[in-house]
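What follows is calculated from the coordinates using simple rules that are stated; it is not laboratory data. Model, not experiment: these values are computed from the prediction. Ideal geometry is used to build each Cβ from the backbone, glycine not excepted, and the neighbour counts take in all protein chains shown.
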Amino acid sequence: MNAPVPVASVDNKPISVAVLAMGGQGGGVLMDWIVALAESQGFIAQSTSVPGVAQRTGATIYYVEMVKARADGAYPVLALMPSPGAVDVVVGAELMEAGRAMQRGLVTPGRTTLITSSHRAYAVQEKMLPGDGIGDSSKVYAAAQAASKRFVAFDMATLAEKTGSAISAVMFGALAGAGVLPFARSAYEETIRASGVGVEASLRAFAAGFDGATAAASASPQAPVSAKDEIALNPIGHSGFDALVSRATQEFPAGAHAMLAAGLRRVVDYQDVDYGREYLDLVAGFLPFERGADPELTRAAAKYIAVAMAYDDVIRVADLKTRGSRFARVRAEVQAAPDQLVTTTEFMHPRMEEVVSTLPVALGRFIEARPRLFQKLDRVVNRGRRVQTNTIRWFLPLYVLGGLRRFRRGLLRHQREAAHRDTWLAAAREIARHDYAHAVRIIELRRLVKGYSDTHARGQSKFDKAFAASRWLAGRPDAADWTRRLMAAALAEEGEATLDGALKTVDSFLNA
């Protein structure tokens, strides 16, 4: 790691700083602080901003140019936009914003110090993919170390949360700690004090950012390795749930206990203890097919049967949106004071399909069998609504709707989900008698089905196609490998073009 060297104003050339921040991260405040800092130290500074669309097309770019005021009073001509290859300091409020800065050419090996928070705020494109579409942080780290003169990265979001301030204050501290601007720490702190708003919290966050950047100067930044905490299969003090834990501990191999613990918590929270008992019964159906020390099939069944049983429906959505823990989490995220009111506005767009699925089986089928009636009701239901869940008007109906989970087993959606699930598991058990690896891949296909409304429908369509093809492949020595390929094709994009191409390949050799 190169030692921090302040940017020199050679021949009175401007010093350029670009800040990339998303909405709510205080990028405008940070820009104002940088300008005020420069002006307090005898510099002329100019700032501009180019709005982005948050996670969709990138953050807002705030740009500051500063130059030492001349003795003759001549006013410099400063740029309104950062130019590729001509930026001294780039500050990113999130890791992928640093990546976008490099893509735009704002980071140069011989000139630019790149400072960024290492945390992630996932972009819409990452969330849209049916599989794991999260970008590879290690690639950004490698590119940053190659593309910048100096790279400083640490988790600024966590420091902001711990200090009770915004990430902009941590970024200001990181800018000071990196030592790239020709100003003393005291000048930065005096700038915060002069702002007169949230001074104490901002100073705490500034100090944390300063220390983080100073520590980063002694080591080369490394991409964080995500550690997955396994849930222990332990009792919780509830007699019904603890009985399920005892059964799982005694009946299932230790290699599946962590997944069973997670699955049990999910399905019992979703429905009730009896539902947890049904879950263990279904997973136990795969125990006779285990062959070695590693219970891969049972572990996969424990994971994906829980996913299939805890499907997202209208009742589940209403239940989650009206939980006290959710309101507490939202207040914590926005750092609301105890005496502050927080309004939570949700966008809901239910379709008639969701409404019908929440009805008793006979009534739901009655409406579905009458297209004209269905269409008339859909015109009433199928429109977007902005719902304020912190008001009695909306909280109460959602709370009542969430309470309908006690009747879920008698509703049309549950009947169809259970039938779909049982067909899938019966096929996996039959295949497991002859091809263990293929059965594991069949179970893992359930990964394709997730989400709510249109997202669920698209995922289930992909699952049905891949599942049907996988059953046709049964008996072939390469059945497991082709099932894996089909799932990879389905996960590659939101649409089905890649999967359809793979299915045509399977069809070609099956019918050859």
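Some values worked out for this structure:
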{"read-out": "Efficiency of FRET from Cβ geometry, LEU404 and PHE347, R₀ 25 Å, rounded to 0.05", "value": "0.70"}
{"read-out": "Residues LYS376 and HIS456, FRET efficiency given R0 of 22 Å [Cβ-Cβ distance, rounded to 0.05]", "value": "0.35"}
{"read-out": "Assigned charges on the beta-carbon of Lys, Arg, Asp, Glu; the chain dipole about Cα centre (debye)", "value": "1300"}
{"read-out": "R0 of 56 Å, Cβ-Cβ distance ARG365-ALA293: FRET efficiency to nearest 0.05", "value": "0.70"}
{"read-out": "Peptide ranges 136-144, 391-399 listed from the most packed, as the mean C-beta count within 10 angstrom indicates", "value": "136-144, 391-399"}
{"read-out": "Between the stretch 91-119 and the stretch 440-512, the Cα center-to-center distance that results, in Å", "value": "38"}
{"read-out": "Label-to-label distance, nm, for residues given as VAL50 and GLU493 (7 Å Cα→Cβ offset)", "value": "3.0"}
{"read-out": "37 °C / 0.692 mPa s Stokes-Einstein diffusion coefficient of the stretch 375-490, Kirkwood radius on C-alpha pairs, µm²/s", "value": "194"}
{"read-out": "Contact order relative to length of the chain, as percent, for alpha carbon pairs under 8 angstrom and 6 or more apart", "value": "10"}
{"read-out": "Per-selection Rg to Rh, the stretch 10-216 - Cα, Kirkwood hydrodynamic radius", "value": "0.96"}
{"read-out": "Cα-based Lys pair tally, the chain, threshold under 25 Å, eight or more apart or on separate chains", "value": "25"}
{"read-out": "Signed unit charges on C-beta, dipole axis of the chain, positive-most listed residue GLY28, GLN145, ALA86", "value": "GLY28"}
{"read-out": "Highest to lowest packing among 365-376, 441-452, scored as the average C-beta count within 10 Å", "value": "441-452, 365-376"}
{"read-out": "Among beta bridges that DSSP assigns inside the chain, antiparallel share in %, nearest 5", "value": "60"}
{"read-out": "Hydrodynamic radius of the chain per Kirkwood, over alpha carbon pairs, in Å", "value": "26.8"}
{"read-out": "Burial ranking of peptide ranges 430-437, 256-263 (average Cβ count within 10 Å, highest at the top)", "value": "256-263, 430-437"}
{"read-out": "For the stretch 10-216: relative contact order, % (alpha-carbon pairs under 8 angstrom, 6 or more apart)", "value": "19"}
{"read-out": "Gap separating the Cα centres of the stretch 367-421 and the stretch 337-355, nearest whole Å", "value": "15"}
